[in-house]
Amino acid sequence: MENNSFSLGKLPRCRWNVIDLVTMVAGPTTPGYIFCDIDTTAAEKLRNDLAAKDIKVTITAILLKAIALAQVAHPESRTIKLPWGTKVTLSEPIAGFTVERYIGNQPAVFFAVLPAVHKKSLGEIASDLGHYGNSEICDVPQLKKETFLSNFPWLLRRMALWLCLAIPPLRSQLNAATFGMTSLGKMGLQSLLSPCVSTCIFGVGTVEPRAVVINNEVVVRKMMTVTISVDTSIISLHIAERFLTDVKNLMECGLAEDAVAELITGESITSVTMLNENEERELAAVCH
């Protein structure tokens, strides 16, 4: 007897890798969520100042750098947990973000990776983002690797993924990011919550004019809602809130040098009277 109440289909292979990461990495986590609104006025001014120098950057690039800088000061946020409970703290921030591409006529989500974002200039970050978004998949090693993995047989791929999750050096080959970011602001969403495929995942909404109160006056500012999803079995919500607050402060001061120095060194830049040549170069690289 014919039954028209349902139809059968197969999940496209290009989506297998992301589904496995969500179920195998995010599945066992204990997520907690924090929301905040960020005033993007200073970030927009920074964008305009760079545009005047023919350096085109996006809010995404500025936010990635702000998160990476804040993560330097919060080692708990770059800590991962192995399957048997051992915690491993990674030495430096590595940014992860979602990239939506098409393979044939099928939409696919990839997890892109940018190492040492806190040391890169905004122009370099913007260039890397453009490379992930516009280059052929076969020309981007990370996307090529994920496409290759998605074509593994189901059982073999999940066994390989589990092995990578259990051994830190192998994990860096699978999902090296110490934080992740996904944005659906271009689709008009104000905010979103993401699964914890890293210890800390940021969800970014659209930038839009909103009425806010500043110095007892109602003004209109361009605001952006950012959420952080954290694995509370690794990082407490209290520490996550401080992490997110540092990101917010860096964004709202436009990555000002004194704020960056205070976050990294624990002192105001005006009180740092002695910096050796290497430290000066390091600080300049971080600030710019």
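Examine the stretch 167-178 for a residue that is over 21 Å from the mean Cα position of the chain (by Cα) and either over 20 Å from PHE111 (Cα atoms) or not polar (S, T, N, Q) (or both), and state whether such a residue exists. For the stretch 167-178, residues over 21 Å from the mean Cα position of the chain (by Cα) and either over 20 Å from PHE111 (Cα atoms) or not polar (S, T, N, Q) (or both): present.
Starting from the stretch 197-220, keep only residues that are over 30 Å from PRO28 (Cα atoms) and touching a residue at least 12 places away in the same chain (Cβ under 8 Å), then list their pairs with residues that are of a type in the set (A, V, I, L, M) and assigned to a strand (DSSP E or B) whose Cβ atoms are within a distance under 6 Å, requiring at least 6 positions of separation or different chains. As it stands, the answer is VAL207/MET224; PRO209/VAL220; ARG210/MET223, since those pairs meet every condition given. For the stretch 99-144, filtering for residues that are free of Cβ contacts under 8 Å to residues at least 24 places away in the same chain, over 20 Å from LYS56 (Cβ atoms) and of a type in the set (D, E, K, R) leaves 4. The residue of the stretch 43-94 that is farthest from ILE228 (Cα to Cα), among those that are of a type in the set (S, T, N, Q) and over 15 Å from the mean Cα position of the chain (by Cα), is ASN48. Note on the stretch 6-60: residues that are polar (S, T, N, Q) and more than 17 Å from VAL247 (Cα to Cα) total 6. Looking only at the stretch 144-158, residues that are exposed (fewer than 12 other Cβ atoms within 10 Å of the Cβ) and assigned to a helix (DSSP H, G or I) come to 4 in all. With VAL226, VAL204, VAL220 as the choices, which residue is part of a strand (DSSP E or B) and surrounded by fewer than 21 Cβ atoms within 10 Å (Cβ to Cβ)? So the residue among VAL226, VAL204, VAL220 that is part of a strand (DSSP E or B) and surrounded by fewer than 21 Cβ atoms within 10 Å (Cβ to Cβ) is VAL220. Within the set ASP258, ASP246, the sole residue that is at pLDDT 85 or above, among the acidic types (Asp, Glu) and either closer than 23 Å to ASP39 by Cβ or assigned to a loop (DSSP other than H, G, I, E, B) (or both) turns out to be ASP246. I'm trying to understand the selection: among the residues of the stretch 4-58, which are of a type in the set (Lys, Arg) and either surrounded by 15 or more Cβ atoms within 10 Å (Cβ to Cβ) or touching a residue at least 24 places away in the same chain (Cβ under 8 Å) (or both)? Across the stretch 4-58, the qualifying residues are ARG13, ARG15, LYS45, ARG47, LYS56. Annotation note: of GLU92, GLU136, the sole residue that is of a type in the set (Asp, Glu), under 25 Å from THR199 (Cβ atoms) and out of contact with any Leu (no Cβ under 8 Å at 6 or more places or on another chain) is GLU92.
The listed residues are SER194, SER198, and the only one of them that is part of a loop (DSSP other than H, G, I, E, B) and closer than 17 Å to PRO83 by Cα turns out to be SER198.
The values are calculated or read from the model by the stated rules, or taken from the named source; none is laboratory data. The shown structure was predicted, so the numbers you read here are calculated from the model rather than taken from an experiment. A quick note on method: Cβ atoms are made from the backbone with ideal geometry, for glycine too, and the neighbour counts reach across all protein chains shown.
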